[in-house]
Amino acid sequence: MRYSREPVTSDSVTETPAEGTPAQPAPAHRVGRDLSAAIGVGVGFGAYVVVCLLFFKPGFVLLVAAATWFASRELHQALQKKGIEATLAPILAGCVVIAFGPYAMATWLPDTLTMTAALLACLALTVLAALIWRMPRGPAGYIRDASASVLIIAYVPLLASFSLLMLVGAHGSARIVAYILVVTMSDTGGLIAGRTFGRHPLAPKISPKKSWEGLVGSLVFGIAAGVGTAVLGLKVPFWIGIVLGVSLVAVGTCGDLVESMIKRDIGIKDMSSFLPGHGGVMDRLDSLLFAAPVAWMIMYVWVPGG
C-alpha cells in the first residue's frame, strides 16, 4: 500500500471502505476540520466534568447517560447501513437505567442492593428487553438483529458503567480525573507525535494514518498524566501511575482501532457529525469506553477505597 508524503498521524482519519465495496470520493482530511469548534467543544465538556465532580456528581451521571444514549443511537444508525436492525428503544431506555439505577442505589439506598448487583440487574434486564422486543418482527434475521442489540449494549452502556463504579469509590472524583486525563493526554500525545514524526504505519489495514511514532507519543503523555494523577490526586506510589498510563494507552488505542474496524466494515468515515470538529459522540468515546473497565480494575486493586 502506498502512503502520502505527509506524516502518518496517530489520530484516526480517513477510513477506507471495506474490501469489495465501491470506492468513495476521498473525504476532507481531518486536519481540515474546524479546529476552533473542536477545541471549544472539548473545553466545554471538560469544564462541565470538572464542575460536576466538584459540586454535583449526579451531573456526571447525567453526562454518562446522555453520551451512551447518543452513542448507541449512532451505532444503531450505522448498522442500519448494513441492513442490521437492532432494537433501539429498549437499548436507549437501558442506557438511562444503567447509568442512574445503580448510582441511585449506591447513593440513596445502599442497604437495598449493592451498586454492582444493581448494575448487573439493569444490564440483564436491558438484554432481556432487547431480545423480547425483536420477537414481533418474526424469525427472519432474528439472530443478526439480536446479536447487534447485544453488541451495542455490551460495547456502550456496559463499558461506560465502569466509570460510575469509579465515581462512587473513595476519592471518586480523583479516580475519574485520572481515568479521563490519561486517555485525553494519550490522544493529545499521539496526535502531536504522529503529525510531527509519523512515518511507520501502526495498523495500515485498519487505520492507515496511525503510526508507531504516534503510539510512542501517546505512551509518553499517558504515563506522565498517570504518574501525575497517581501522586498528586490519588496519593499512591508513582509506579501505579505508570501501570495506569501504559494500560490505558494500550486499551485506548485498541478501542480506537475497533471503532475504525466497524466504520471500515460499514464504509463510513464518522459515526455522525453531531459534535462540531469531532464527528460523532461514538467517535469521541471509543478510547474512553475501552479504558473504563481497565482503569476501574487497576484503581480498585491498588488505590485504597475502591
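In summary, LEU128 fulfils each of the numbered conditions (1) without any contact (Cβ under 8 Å) to a residue 40 or more places away in the chain; (2) open to solvent by less than 60 Å² (accessible area, probe 1.4 Å) with the single exception of condition (2). Taken together, ALA78, ALA104, ALA86, ALA99 contain a single residue that is crowded, with 21+ Cβ neighbours inside 10 Å and farther than 20 Å from ALA146 by Cα, which is ALA99. Any chance you could count how many residues in segment 252-287 are open to solvent by 40 Å² or more (accessible area, probe 1.4 Å) and under 14 Å from the mean Cα position of the chain (by Cα)? Total meeting the criteria: 3.
When THR184 is tested against (1) under 29 Å from SER161 (Cβ atoms); (2) among the polar types (S, T, N, Q); (3) open to solvent by less than 50 Å² (accessible area, probe 1.4 Å), exactly one condition is not met: (3).
Among the residues here, MET115 does not qualify as in contact with a Leu (Cβ under 6 Å, 6 or more places away or on another chain), open to solvent by less than 80 Å² (accessible area, probe 1.4 Å) and within 15 Å of VAL61 (Cα to Cα). When LYS210 is tested against (1) more than 26 Å from SER72 (Cβ to Cβ); (2) buried (at least 19 other Cβ atoms within 10 Å of the Cβ); (3) out of contact with any Lys or Arg (no Cβ under 7 Å at 6 or more places or on another chain), exactly one condition is not met: (1). Say whether the condition of being over 30 Å from GLY305 (Cβ atoms), open to solvent by 10 Å² or more (accessible area, probe 1.4 Å) and out of contact with any Asp or Glu (no Cβ under 9 Å at 6 or more places or on another chain) is met by at least one residue in segment 221-229. No: zero hits. Within segment 47-65, is even one residue open to solvent by less than 80 Å² (accessible area, probe 1.4 Å), at pLDDT below 80 and either in a loop (DSSP other than H, G, I, E, B) or more than 28 Å from THR196 (Cα to Cα) (or both)? Scanning segment 47-65 turns up no residue that is open to solvent by less than 80 Å² (accessible area, probe 1.4 Å), at pLDDT below 80 and either in a loop (DSSP other than H, G, I, E, B) or more than 28 Å from THR196 (Cα to Cα) (or both). Just one of (1) modelled with pLDDT under 95; (2) more than 19 Å from ALA292 (Cα to Cα) fails for ALA93. It is (1).
Evaluate segment 77-96: report whether one residue or more is within 23 Å of the chain's Cα centre (by Cα) and under 22 Å from HIS171 (Cα atoms). Scanning segment 77-96, I find no residue that is within 23 Å of the chain's Cα centre (by Cα) and under 22 Å from HIS171 (Cα atoms), so the answer is no.
So is ALA160 of a type outside the set (S, T, N, Q) and more than 27 Å from ALA89 (Cβ to Cβ) or not? No.
One line per residue, one yes/no per condition, for (1) of a type outside the set (Val, Ile, Thr); (2) at pLDDT below 95:
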residue: LYS210; (1), (2): yes, yes
residue: TRP239; (1), (2): yes, no
residue: LEU244; (1), (2): yes, no
residue: THR253; (1), (2): no, no
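In segment 141-172, the residue that is most open to solvent (accessible area, probe 1.4 Å) out of those that are at pLDDT below 95 and of a type outside the set (A, V, I, L, M, F, W, C) is HIS171. Criterion applied to GLY138, GLY217, GLY198 was being more than 19 Å from the chain's Cα centre (by Cα) and modelled with pLDDT under 95, and the one residue passing it is GLY198.
The values are calculated or read from the model by the stated rules, or taken from the named source; none is laboratory data. Bear in mind the structure is a predicted one, so any value in this text is a computation, not a measurement. All Cβ positions, even for glycine, are placed from backbone atoms using ideal geometry, and neighbour counts span all protein chains on display. Just the protein is used for accessible areas: all its heavy atoms, side chains included, with ligands, DNA and RNA removed. Shrake-Rupley method; radii C 1.70, N 1.55, O 1.52, S 1.80 Å.
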